[in-house]
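Everything below concerns the one structure shown next.
Bear in mind these aren't lab numbers, they're just calculated from the coordinates by the rules spelled out. Just so it is clear, the structure is predicted and the values come from calculations on it, not from any experiment. Positions of Cβ are generated from backbone atoms using ideal geometry, with glycine treated the same way; all protein chains shown enter the neighbour counts.
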Amino acid sequence: MSIKNGIDTILFFIRIQEMKVEEFLNSLVNYEKIPGYHYDLEAFKKFLKKLDSPHKKLKNVILIAGTKGKGSTATIINSCLIASGYKVGLFTSPHLLKINERIKINNKAITDKEMEKYIKIIKPHINFKTRIGARTFFETLATIAYLYFAENKVDFAVLEVGLGGRLDATNVFEDHIPVITRIGYDHMNLLGNKLSQIAYEKAGIIPDTRYQIPDNQKIPLNPAFIKRERGGLVITIHQRPSVETVLKKVAQKRNHRIVFADELHKIKIKKLKLTGIELQITGSLGGFETILPLPGKHQIENLQIALAVMHILKNKGFNIKTQNIKKGIEQTKLPGRFEIISKKPLIIYDVAHNEDSFRALDDYLKLLCNIPLKNRRRSLYLIFGCSKDKDINYAIKYIFPKAEEVILVKADNPRLMEPIEIYQKAKKYQKNILIAGSVRRAIEYLMPELKDNSATIIFGSFYLYPEVIRSLKYIDSI
């Protein structure tokens, strides 16, 4: 190494040491912002070993993969466990406003001071030249979560898989409850173009419980002797045939039995409202009525999966009671899911960004447009932006035509599609399309048009949310 290169490396390391939390994390490779996916899970496991394997100190890990509903399912489970009196660590992604949102204990986000403490522990083990070990933004956040949850001795760790499952940084546990939500088309450039390929990646979170090695035997001489008599359980709902075939095959190979959540509980919708759903639940946990504060019929299967998890935990001997589950459901909070961010004028934000979530949003728009308005039809306006790798055909064919006007935007993220590209795809289905230079300009343009009988839906990407909130605060202040 030359003297110049050596000095450059030292200066880089010093600069990294002085960085604030968010600046440091954003200095790492972040596949949420750049295209591509190069991942070595074994290297990450070796890195965790240098930190005394914090993930192995966690008990009662619930790992959630899937294309749609991971965040909602994780949040409902988290809320029900907290209501049952447990200390619960929750790791989700992406965040809406601040990175700290991703790591919580009993719904309280990790502080900057705590993040800084764990980053100091992690930094010496990162080779900044080759980025071996916790070389990515997501890996580092996962590591912080493991350290934080282990130090605080959480009773449960509820973890949302970042991407796929098989190679994800959350898939480092040998004994956990695998949960798989609805699987559909998303991240096809990384996970495969066929549903069966995507399902295989998601099914990678199912641990292999075929064999166990006795403590006094490092290398089993007779694998048949140590074959487990009882395997594990994987919780999901009935899926598309090609997906279900893959899940059954992987589960059987790894000595797991599939529990179909939609067979354990039946949920009847009593009333759909903009703020949530009034429900009647019957099944293995008994019968009761409740209100889920997450709007949309699509939340029903996420709730069914969460209830199945609670059912299994109850059977394992945990203190799970129906009244606490009811309380947990009613206390569930999840920003960004058909969230009313302004009542007058009515502005709603939704993170819908793939075909399944677009369909769910479309269903709710039918409800929104059918709410009586003194014999007047509700006028619908859309603000839309999305990532480059998203299939937006459903949105432009079936949602865009419902609007009086559609405004296309791009948030400050290199992964987002240029509005002109969206326009070229959508102009066939909607004549009134404009391109705005920013989210704020889009909202400012629409404000004079928004009346009591109008609604604006902003959707297409998680990355729009911060700009939406900042824009509304700015407009409110002038």
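Separation of the range 283-325 from the range 423-445 is 41 Å, based on Cα centroids. Placing a label point 7 Å from the Cα of Thr322 along the Cα-to-Cβ direction, the residues of the range 252-293 whose backbone N falls under 11 Å from that point are 281-289.
Beyond a 23 Å Cα-Cα separation, which of these cross-linked pairs lie in this structure: Lys20/Lys98; Lys297/Lys431; Lys57/Lys108?
Working: Lys20/Lys98 13 Å; Lys297/Lys431 30 Å; Lys57/Lys108 21 Å.
Check vs 23 Å cut-off fails for Lys297/Lys431.
Applying 0.36 nm per residue to the separation of Ala43 and Lys425 and subtracting their alpha-carbon distance, the gain on full extension is 133.4 nm.
Output the peptides 83-89, 461-467 sorted from most to least packed, where packing is the average of other Cβ atoms within 10 Å over each peptide's residues. Display every interim value, and only then the final one.
Details: 83-89: 19.7, 461-467: 22.0.
The packing order, highest mean first, is 461-467, 83-89.
A straight Cα-to-Cα reach below 22 Å connects Lys321 with the lysines Lys59, Lys87, Lys266, Lys268, Lys333, residues fewer than 8 places away in its own chain not being considered.
With a sphere of radius 12 Å drawn around the Cβ of Thr322, what net charge do the other residues whose Cβ falls strictly inside it have (Lys, Arg +1; Asp, Glu -1)? Don't jump to the answer; show the numbers that get you there.
On the way: positive: Lys314, Lys321, Lys326, Lys327; negative: Glu289.
Cβ neighbours under 12 Å give a net charge of +3.
The listed peptides 199-206, 97-104, 117-124, ordered by packing as a protection proxy, come out as 199-206, 97-104, 117-124 (highest mean of other Cβ atoms within 10 Å first). For the pair Ser196 and Glu263, label points projected 7 Å from Cα toward Cβ lie 2.3 nm apart.
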